[in-house]
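In what follows, a structure is listed as structure tokens, so that the remarks can point back to it.
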Amino acid sequence: MSEIETAGYTIGKVAELSGVTIRTLHHYDEIGLLSPGGRSAAGYRIYEDSDLERLQRILFYRELGFTLDEISTIVDDPQTDALGHLRRQRRLLTGRIDRLGAMVDAIDYEMEARTMDIPLTPEERLEVFGEFRPEDYAEEAEQRWGDTEVYKESQRRVSSYNKEDWQRLKAEEEEIRTRLAAAFKAGLAPDSEEAMAAAEAHRQHISRWFYECSYEIHRGLTEMYVSDERLRSNYDTQIPGQAAFIKDAAHANARQHFS
């Protein structure tokens, strides 16, 4: 076997290596997209290493959705060398990864929304929640409390709320948050009557809309406002230190109840 023969690849071998059918390789040859560049000692046309490199580029661009005419123009560009192709491929692939990632996020969002059983249209959800996504906490909440009656009761209630219910809920929540923020900004102590009254309103709001929130549960919940970065930033982004103030007011309110 000659040196040329050893360095070349038959069409069957190229099909095996690339996963492309022999029929497709024949088609690429017919349209001038990829033709075997070598000859065996017996005179048969064989593919060389440079042909396999070209095939690799062709398959990459085809995977990204380019037509064969477009691919022919790209791979025959005299201004683009092998490194240039790799850079272009990386840029295109990165863009595709970003788009696919966005699609995965959208699918996850819809899946999580369905597990929350919030029967709102996308427009209604945006109107009610804005950028806040209840689903962001759904999986964690289920892992922590999925077997509890409190969690099941919350799921049962929210599954029946319509847009108007959620709007009333959000309006009430904002009013309570405003009361807590006002007490904090005024420099009141967490165990002041105003702060404890606002904390009690917060506890009752949860009981009214989600589940029976005991004083013990309320204390544990507000502890998470400080320990969980996501929950803490929900309050501290607007007023730094507010999350800890709410927690301290809830604890003071519970102590007053049990005293």
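Just so it is clear, none of the values below were taken in a lab; they were calculated from the coordinates. Keep in mind it's a predicted model, so treat the numbers as computed, not measured. Heads up, the Cβs are rebuilt from the backbone with ideal geometry, glycines too, and the neighbour counts pull from every protein chain shown.
The alpha-carbon of LYS152 sits under 22 angstrom from the alpha-carbons of these lysines, leaving out residues fewer than 8 places away in its chain: LYS163, LYS170.
With neighbours defined as other Cβ atoms within 10 Å of a residue's Cβ, the residues TYR47, TYR9 order from fewest to most as TYR9, TYR47. The 3J(HN,Hα) values that the Karplus relation (6.51, -1.76, 1.60; θ = phi - 60°) gives for the stretch 44-59 are, in residue order, 7, 6, 9, 8, 9, 4, 5, 5, 5, 5, 5, 4, 4, 5, 4, 5 Hz. Gly and Pro appear as x.
Charged neighbours of LEU64, selected by a Cβ distance under 14 Å, balance to +4 (K, R count +1; D, E count -1). This ranking places HIS27, HIS218, HIS251 by how few other beta-carbon atoms lie within 10 Å of each, fewest first, which gives HIS27, HIS251, HIS218. Each of MET224, MET196 was scored by other Cβ atoms within 10 Å of its Cβ. Arranged with the fewest first, they read MET224, MET196. If the chain linking GLU70 and ALA171 were pulled fully straight, counting 0.36 nm for each residue of separation and taking away their Cα-Cα distance, it would gain 30.8 nm. Extension gain, MET224-ARG157: 0.36 nm per intervening residue step, less the Cα-Cα distance, totals 21.9 nm.
Looking at the stretch 191-251, the GluC sites (Glu not before Pro) that sit in a DSSP loop and have at most 16 other Cβ atoms within 10 Å of their own Cβ are GLU212. Measuring nothing but alpha carbons in the stretch 3-56 and taking Rh as the Kirkwood radius, the Rg to Rh ratio lands at 0.93.
The Cα center of the stretch 180-242 and the Cα center of the stretch 53-94 differ in position by 57 Å. Taking 7 Å steps out from each Cα toward its Cβ at PHE210 and ALA182 produces label points 2.4 nm apart.
Between LEU92 and ARG39, the modelled labels are 3.4 nm apart [label points 7 Å from Cα along Cα→Cβ].
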